[in-house]
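Here is the structure we will look at, set down as structure tokens.
The values are calculated or read from the model by the stated rules, or taken from the named source; none is laboratory data. Worth saying up front: this structure is predicted, and the values here are computed from it rather than measured. Because the Cβ atoms are built from the backbone with ideal geometry, glycine has one as well, and the counts that use them run over all protein chains shown.
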Amino acid sequence: MSRWRPDADRARLDDRLLVVAARVSAAASAGIVLLIGGFLLVESLPALRALGVAPFAGMSWHPTGGTDGGQFGLMPMLVGTLAAGGGAVALATPLALLAAVVCVFLAPPRIALLLGRVIELLAGIPSVVYGFWGLVVLVPLIRRLEPPGPSLLAGILVLALMILPTLALAADAALRAVPRELLTAASALGLSRTTTLVGVALPAARSGLWTGLLLGVGRALGETMAVLMVCGNVVQVPGTVFDPVRTLTANIALEMAYALDLHRAALFVSGLVLALLVTVLVLAAQATTAGSEAHP
Amino acid sequence: MPSLPRPGLPFLLRSLAVAALTLLTACAGEAPDAAPSKLVITGSSTIAPVISDIARRFESEHPGTRVDVQTGGSSRGLADVRQGLADLGMVSRAPKDGEDDLQWHALARDGLALIVHADNPASALREEQVRAIFTGAIDTWAQLGDELSTFDEPITVVSKAEGRSTLEVFLDHFELTAPEIAADVIIGDNQQGIKTVVGNPYAIAYVSIGTAEFEASQGTPIQLLDLGTITASTDAVRRGDYPIARTLHLVTADEPEGLALTLLDYARSAAVADLIEGQFFVPLAP
């Protein structure tokens, strides 16, 4: 007869609890994503059934318009979302990468620590604060340059500022995870700092950098309040960066409170399109990272 | 493997007990009201928020009553009252021909003001000028008359997103449709409109007159434009002098009585004027 060992029993029970809890959490996370997708689909169904898919590819959006039942073109807003998000990512990525490089490799430890803390602080500022700053400072500045002021440019700048810390923190973490041996080997080979960075550190950190970029893109596409405040929200394909645009998220936030019936369902279609857009980007990014890991 | 710290069983038991007690008291609280008096109000999504506020206060002052507020548009309010599905209907416009089978009770007025920056030299616009500005036929301030000839700046037209009641009032009054509006900026709520105008001396926007008047009195650098010779103010809206406004109504099938009458009188009394102003409408009780 074995000796009674309460500690061992307890540890086994703990193990089992942990496994069960982890499984439940994982299933719940996956389930929530599926439920959200299902919910979006169910809520958009009335519009999709009544109108089909074609009207949503149209160029004009007048959901409450008169006797012909309105126009539901989402194309200008899809363009607006991609332009604002893409512009912000293009602007913020090099800045974030350089900031991370400085933090990890170039700055003296104390300054690097300080810089890191400031960037973390930046990441914690709520988006509505950026939006408010954009509205009262940035937009009037742009108006002086080229009226009316609320514009794609204002959206790109505010979004770039917002995703900069996300990108920088992710890049920082990815660069710190580069094995020290690689860097030591590079310096033993007598490589210059630039060559070490560009030829060794960045490629080694590529997977982490991609993940960070994806987070940034996701945040830029999904951001609502700040964009709503500075973009002008006119439904049109922008001709220049000084033209106002409306993003898919801003469309939902602007109109959901008062939308009824078909209009409401059409707003859920906006959400569905946005969800699909993000899904496609995630899949594309996964394919890219998978490829880059296969052939390093 | 080192064992992780676990929440003790007593903690779980305690939370369960608290939850159970909460449920029990919730049930007990409802039990004595064997016949709770209940009102159903349906209709306009413009009026629903303010009626919900009023209903909440009404319920707390008349324990045991329940007021159920649902939206679905003015037409639903009319239909539900006619079919007896609702005790009161919310209708955000004046009665049309053939609707006098119902009793109409004015609740509040919903007016909007045209606003510009305080530094903008304009002080009044005529109806046709407003229409020309918002359709893009006129796009600089200097085109609006001799007194503005030195203010040769582009007009930034600020309009509201579709579905907003202010947009409806504006379109109704100026006999425009949403696609005709040539907006440079589209906003959601009134505050966003005011901030946009504050940040842009060339902008013109329309917002709820209650909000505009309040902000102007608080020193926000905006001014309310007169419409022709009519001064824009909540007083003028209340008197019915200022034309860009509509009356928000509650309708009943018959002469209201009982709880419906009590609520109706309450909703139209000075006791809830703060709630009506809180939703940027103009109360009729002075």
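The table below lists the values:
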quantity	calculated
Flag if A:Thr64 is within 14 Å of chain B (Cβ to nearest Cβ), surrounded by 13 or more Cβ atoms within 10 Å (Cβ to Cβ) and among the β-branched types (Val, Ile, Thr)	yes
Residues being assigned to a helix (DSSP H, G or I) and in contact with a Gly (Cβ under 7 Å, 6 or more places away or on another chain) - total across the stretch A:166-196	7
Qualifying residue in the stretch A:197-206 (condition: in contact with a helix residue (DSSP H, G or I) (Cβ under 6 Å, 6 or more places away or on another chain) and outside any helix (DSSP H, G or I))	yes
Index of the failed condition, B:Asp189 passing every other in (1) closer than 23 Å to B:Arg109 by Cβ; (2) in contact with a Gly (Cβ under 8 Å, 6 or more places away or on another chain)	(2)
Test: residue in the stretch B:211-218 that is on the phi > 0 side of the Ramachandran plot and surrounded by fewer than 13 Cβ atoms within 10 Å (Cβ to Cβ)	no
Number of positions in the stretch B:66-89 that are among the charged types (D, E, K, R) and assigned to a strand (DSSP E or B)	2
Matching helices (runs of 4 or more DSSP H) fully within the stretch A:221-296 where at least 1 residues are touching an Asp or Glu at 6+ places or on another chain (Cβ under 6 Å), at pLDDT 90 or above and surrounded by 15 or more Cβ atoms within 10 Å (Cβ to Cβ)	A:261-294
Residue in the stretch A:144-165 that is without any contact (Cβ under 8 Å) to a residue 60 or more places away in the chain, within 14 Å of chain B (Cβ to nearest Cβ) and assigned to a helix (DSSP H, G or I) present	yes
Those residues of the stretch B:272-286 which are in a helix (DSSP H, G or I) and without any contact (Cβ under 8 Å) to a residue 24 or more places away in the chain, in sequence order	B:Ala273, B:Asp274
Among the candidates A:Arg219, A:Arg180, A:Arg246, residue that is of a type in the set (Lys, Arg), within 21 Å of A:Thr81 (Cα to Cα) and away from chain B (no Cβ under 14 Å)	A:Arg219
Per-region count, the stretch B:151-196, residues touching a residue at least 24 places away in the same chain (Cβ under 8 Å) and among the polar types (S, T, N, Q)	6
When residues of the stretch B:138-164 are limited to those that are surrounded by 15 or more Cβ atoms within 10 Å (Cβ to Cβ) and among the β-branched types (Val, Ile, Thr), the one farthest from A:Arg264 (Cα to Cα)	B:Ile138
Odd one out for B:Asn200 among (1) assigned to a helix (DSSP H, G or I); (2) closer than 21 Å to A:Val227 by Cβ; (3) within 11 Å of chain A (Cβ to nearest Cβ); (4) not hydrophobic (A, V, I, L, M, F, W, C)	(1)
Residue within the stretch A:148-168 that is buried (at least 17 other Cβ atoms within 10 Å of the Cβ) and at pLDDT below 90 present	yes
Verdict on A:Leu135 being at pLDDT below 90 and surrounded by 22 or more Cβ atoms within 10 Å (Cβ to Cβ)	yes
Residue match in the stretch B:207-214 (condition: within 14 Å of another protein chain (Cβ to nearest Cβ), closer than 30 Å to A:Gly134 by Cα and out of contact with any His (no Cβ under 8 Å at 6 or more places or on another chain))	yes
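Residues are listed down the side, and each one gets a yes or a no for (1) without any contact (Cβ under 8 Å) to a residue 60 or more places away in the chain; (2) under 23 Å from B:Ser60 (Cα atoms); (3) outside any strand (DSSP E or B):
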{"position": "B:Tyr242", "(1), (2), (3)": "no, no, yes"}
{"position": "B:Thr247", "(1), (2), (3)": "no, no, no"}
{"position": "B:Leu250", "(1), (2), (3)": "no, yes, no"}
{"position": "B:Asp254", "(1), (2), (3)": "no, no, yes"}
{"position": "B:Ala260", "(1), (2), (3)": "no, yes, yes"}
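Matching residues to (1) within 26 Å of B:Leu171 (Cβ to Cβ); (2) polar (S, T, N, Q):
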{"position": "B:Ile204", "(1), (2)": "yes, no"}
{"position": "B:Glu215", "(1), (2)": "yes, no"}
{"position": "B:Thr234", "(1), (2)": "yes, yes"}
{"position": "B:Pro243", "(1), (2)": "yes, no"}
{"position": "B:Leu259", "(1), (2)": "no, no"}
{"position": "B:Asp265", "(1), (2)": "no, no"}
{"position": "B:Ser269", "(1), (2)": "no, yes"}
{"position": "B:Gly278", "(1), (2)": "yes, no"}
{"position": "B:Val282", "(1), (2)": "yes, no"}
